[in-house]
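Accompanying notes for the structure given below.
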Amino acid sequence: MKSSFAPALPALAAGWLALSLSAAPPLEKATSDYERVRVLVEAGALPRKALEEASRALEEAADRETLERTLYGAVAVEELSPAQSSAMIAAAERRLRRQEQELEKVRRLVQEGALPATALAPVEEELGRRRETLELARERARLFAELAEMARAEEAWAAGEDNAEPAKQAGAQVQESQLEAIRRSFEREFGRPLPVSARGETAVHRALGFDHRGRVDVALHPDQREGR
C-alpha cells in the first residue's frame, strides 16, 4: 500500500500546485502555497523547479497587491508617499518583465511543437495589459511628482510670508464655507468642478515636513483664465 501511494504523490502535488498557481492567489494564500511547496520539495515529493514556480507566484501576488493598493485602490494620488510611488512603478515593471519572459517561453514551446500556435494569443494579450498598467503607473507617478513640486513651491512661498502681517498670514487659511463659495462660483463661471489637487495635509506635505493644515491647492496655472 505504501509503495503504490508514494509514486502518485508527486503527480498529485504537481496537480495541486498547477491549480493553485492558475488561481492567481492573493498574497496571503501565495505565501501559504509557497511554504507548502517548500515542504514537499524538501521531502522529495516535488522537483526543485516547483519551488521556483511557487516563488514566482509569490512575487507576482506581492506585486499585484502593491498595484491594487497604490494604483487601483482607494488611495488618492495626493495621499501617496514617495516610497509608495516608487514601489508602484517597480511592481508594474517587474510584472511586465515576468510576462515578457513567459512569452519567450511559450514561443519556444510553440516552435518546438510542444504547444499549439493559439497558445501565444492569451500570453500576448496579458503582456499588452501589463504594458498599459505600467503606463498608468508612470502617469500616476508623474502626477505625484507634479504635486510634490507644487508643494515645494508652496512651502517656499509660505517661508517668504513668515514676516508678513498677522492678518495676511491668516488669509492663507481656508474655511469650509469659503471653499464651498469658491467652488460654486468656479462651476458657474467655467462649467466644470474646481480642480482641487490637495486639501489639508496630504502624504506629500507630510513627507516634506510642510504644515498644510487649513490650506487647499487647486490644479490651475496662474496664466490661465481660470487661474487668474
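Dividing the Cα radius of gyration of region 85-157 by its Kirkwood radius returns 1.30 for Rg/Rh. Quick query: amide H of L115 versus all other amide H atoms, modeled in the peptide plane; which residues come in under 5 Å with a sequence gap of 5 or more or a different chain? The answer is V110. A P(r) calculated from all alpha carbon pairs of region 22-152, with 10 Å bins opening at zero, reads 12, 31, 31, 19, 6, 1 percent. Accessible surface for region 74-133, divided over its residues, is 58 Å² per residue with a 1.4 Å probe.
The values are calculated or read from the model by the stated rules, or taken from the named source; none is laboratory data. Predicted, not measured: the structure shown is a model, and the values here were computed from it. Only protein heavy atoms, including side chains, enter the accessible area calculation; ligands, DNA and RNA are left aside. Shrake-Rupley method; radii C 1.70, N 1.55, O 1.52, S 1.80 Å.
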